[in-house]
Every structure is written in structure tokens, then in C-alpha cells.
Amino acid sequence: MHVQELLFVAAILMPQCLRALRYSQGTGDENCETLKSEIHLIKEEFDELGRMQRTCNADVIVNKCEGLCNSQVQPSVITPTGFLKECYCCRESFLKEKVITLTHCYDPDGTRLTSPEMGSMDIRLREPTECKCFKCGDFTR
């Protein structure tokens with residue numbers, strides 16, 4: 001296809017594309033936020049020979065990123081597909097380490113462990129404290 005043909009195709013498609021873009025964006029407001037979420041964590045502990053010593057679990061509250069980010073598709077005579085896509089995703093902008101105590105521990109036979117040293121297990125995870133919209137696929141930050 002020649003440049004003139006691409007321009008003609010873009011000129012024909014542009015009104016429909018712009019209508020679809022306006023419809024898909026809705027109000028255009030971004031709504032990326034940090035929300036609380038309950039998850040079930042399970043951690044197994046093994047000895048130096050690879051034998052399971054205990055399994056601990058708990059339901060815990062952690063932060064997650066959720067929401068909408070403005071993205072757009074517009075006609076382009078430069079790109080091979082004929083459209084330029086700009087996609088943005090709601091992702092963490094800052095992570096903080098959190099220590100979580102798993103309080104339900106069991107031996108390999110399924111017997112509940114109650115001793116102070118074996119009845120619970122501390123684990124560390126990183127959770128988002130701030131979320132915002134980033135260009136999709138941009139993992140350089």
C-alpha cells in the first residue's frame with residue numbers, strides 16, 4: 001500500500017475510530033488506587049534433607065492496586081498496523097516490606113502445632129503502598 005492509499009484509508013476510518021475511542025474512554029477519569037484485599041497464605045517449611053517440617057497458613061489483609069487508566073488508539077500512517085496504541089495500566093509506584101504472622105501451623109501428619117516456636121511463622125512480603133498509571137509493559141522503573 002502506498003502512502004496516499006494509507007492516508008485515504010486513515011481519512012475514511014478516522015471518524016469511526018474517534019467515535020469508538022470516545023465511547024470506550026467513558027468519562028476519561030483515571031481511577032487507580034490502593035485497596036485492601038484478603039488473601040489466604042500458605043507456607044511450607046522443609047529441613048536440610050528436603051522433608052517437610054510444618055505447614056502454616058492464615059487469612060491476611062494486604063494492599064493491591066486496582067482501577068482504570070486512560071488508554072487510547074488512534075489512526076496512524078506511520079505504524080504497520082495503521083493504528084498507534086497508548087496503553088496505561090494501574091500498577092504499584094512504591095512497595096513496602098510487611099511482616100505477616102501465619103498463626104495456623106501443622107506438622108506433616110496434619111496435627112496442629114501449639115508450641116510457641118512451632119505454632120506460628122513470620123514471613124515477609126512486599127505490598128504496594130502507592131499505585132498509579134504507568135505505560136503498559138514499562139518495567140524499567
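FYI, it's all coordinate maths here, none of it is from the lab. Predicted model, so just to flag it, every value in this text is computed and none were measured. Cβ sites come from the backbone with ideal geometry, for glycine too, and all protein chains shown count toward neighbours.
Restricting attention to the stretch 45-60, and to residues there that are in a strand (DSSP E or B) and among the aliphatic types (A, V, I, L, M), which single residue is farthest from the chain's Cα centre (by Cα)? The residue in question is Met52.
Just checking, how many residues over the stretch 66-104 are assigned to a strand (DSSP E or B), touching a residue at least 12 places away in the same chain (Cβ under 8 Å) and within 28 Å of Asn31 (Cα to Cα)? Total meeting the criteria: 19.
Is it the case that Asn63 is surrounded by 13 or more Cβ atoms within 10 Å (Cβ to Cβ) and not in a strand (DSSP E or B)? For Asn63, the condition - surrounded by 13 or more Cβ atoms within 10 Å (Cβ to Cβ) and not in a strand (DSSP E or B) - is not met. Of the set (1) hydroxyl-bearing (Ser, Thr, Tyr); (2) surrounded by fewer than 16 Cβ atoms within 10 Å (Cβ to Cβ); (3) under 23 Å from Cys32 (Cβ atoms), all apply to Thr79 but (3).
Scanning the stretch 105-126 for residues that are of a type in the set (D, E, K, R) and part of a strand (DSSP E or B) turns up Arg112, Asp122, Arg124, Arg126. Taken together, the residues in the stretch 35-51 that are loosely packed, with under 10 Cβ neighbours inside 10 Å and not small (Gly, Ala, Ser) amount to 7.
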